[in-house]
1. Once you have the Kirkwood Rh of region 75-323 from its Cα pairs, apply Stokes-Einstein at 10 °C and 1.306 mPa s and quote D in µm²/s.
2. Got a sec? Which residues in region 383-400 would a label at residue 64 touch, if it sits 7 Å along Cα→Cβ and we count backbone N under 17 Å?
3. Does region 270-423 classify as rounded, prolate or oblate by the C-alpha gyration tensor (a ≥ b ≥ c root eigenvalues; a/c under 1.5 gives rounded; else a/b over b/c gives prolate, otherwise oblate)?
4. Starting from the Cα gyration tensor of region 113-196, take the square roots of the eigenvalues, sort them a ≥ b ≥ c, and report rounded, prolate or oblate (rounded when a/c is under 1.5, otherwise prolate if a/b is larger than b/c, else oblate).
5. Which length gain, in nm to one decimal place, applies between residue 173 and residue 15 when the Cα-Cα distance is subtracted from 0.36 nm times their residue separation?
6. Which of these, 53, 308, 266, has the largest mean-square fluctuation under a Gaussian network model of the chain (Cα springs below 10 Å)?
7. Show me the ranking of peptides 141-149, 348-356 by mean Cβ neighbours inside 10 Å, starting with the highest.
8. So for 91, 234, fewest C-beta neighbours within 10 Å to most, what's the order?
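Nothing in this text is a laboratory measurement; each read-out follows from the coordinates by a stated rule. Worth saying up front: this structure is predicted, and the values here are computed from it rather than measured. Glycine also receives a Cβ, built like all others from the backbone with ideal geometry; neighbour counts cover every protein chain displayed.
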Ligand SMILES: *Cc1c(COP(=O)(O)O)cnc(C)c1O
């Protein structure tokens with residue numbers, strides 16, 4: 001067995017300036033291999049820009065899967081973090097705290113709901129919505145005990161906890177992780193008729209859980225009218241419409257929330273990622289008082305959920321989104337970026353799709369797959385990431401300017417023109 005390190009040894013490791021290679025090697029040596037990172041190590045960031053230890057500059061076209069929508073280390077976020085850090089960071093929900101009270105006030109008004117329940121990660125917020133929907137089903141809809149069902153979409157991504165992967169349609173996410181949690185039924189993504197027939201046939205359904213645009217599945221946009229139809233069907237069948245806006249929320253798709261593209265107000269919203277201003281893990285569900293009040297003290301909770309530091313940062317993240325017009329910027333520059341990507345005219349591009357600054361570029365099978373493109377893009381200063389084998393995702397911070405997008409487009413064009421020579 002290895003001996004524990006002395007305080008001096010720990011200190012010297014903390015103080016060392018590692019090279020990119022050293023960072024990668026140390027990570028692979030001591031940390032789980034549950035990710036396959038691109039060969040890039042990042043040590044600092046500012047707005048849309050990131051730097052590695054060797055001083056190479058990259059544009060972030062990934063935004064930490066949309067968590068960094070206000071850009072890296074936004075000055076207002078940094079200020080709010082330090083201000084809160086000079087008061088109190090954590091006190092648990094055993095007591096009241098001021099930033100949580102304020103976040104509740106600001107956030108419910110923003111999303112047209114009456115009550116929020118904060119957690120830490122997206123998956124936890126999804127779990128929270130599932131528990132709430134089930135208890136609502138038993139106590140309000142009078143579904144027989146243990147029989148509640150939730151409808152989900154094929155190709156969904158809602159996180160990585162045991163219950164959430166139980167209703168993934170991705171084999172790898174589930175295989176060898178059973179026994180899985182029962183109580184879920186699938187419908188094809190974007191198919192309102194299929195949803196209607198399942199709702200008509202199965203009376204113990206308590207909720208329909210979906211992403212307004214499927215993110216991890218490869219930026220899958222449902223047909224126009226789908227969200228409005230989902231709203232209508234859920235109302236008619238007395239089923240909770242639960243929109244997972246963890247990735248699509250907070251201006252990512254050109255509206256504050258993606259459901260607003262069709263004025264489809266869900267019963268429960270699920271948020272995460274960008275809510276933390278790119279610096280804190282915080283997630284939440286938002287709903288009506290009638291639904292939220294199904295939870296009684298002791299039913300649910302989290303040690304760090306709703307902590308003052310995360311809530312103070314979240315309040316400021318919302319302020320920035322409203323103050324800087326990120327909804328409009330995302331809508332306008334999203335159209336621009338998609339147009340310019342379409343104009344690339346590469347034989348390797350099958351489709352460009354998305355809304356706002358949530359854009360997927362699907363490659364043809366002949367392209368050799370998205371990984372080599374993402375590696376070549378990274379070498380040329382544009383950070384993206386493949387989702388599945390053939391889709392490259394472009395989701396820069398929503399604070400990006402047209403000039404910055406043009407900078408990235410030049411590199412992207414170079415990579416697409418020269419891919420067979422440079423990779
Ligand atoms: C990222 C994501 C999640 C999971 O969030 P974590 O914070 O990684 O647990 C859930 N749903 C959607 C739509 C997501 O994009």
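1. Translational D for this selection: 86 µm²/s.
2. 383-385, 395-400
3. In terms of gyration-tensor shape, prolate.
4. Rounded, since a/c falls under 1.5.
5. 53.1 nm
6. Of 53, 308, 266, the Gaussian network model singles out 53 as fluctuating most.
7. Ranking, from highest mean packing down: 348-356, 141-149.
8. By the 10 Å Cβ count, ascending, the order reads 91, 234.
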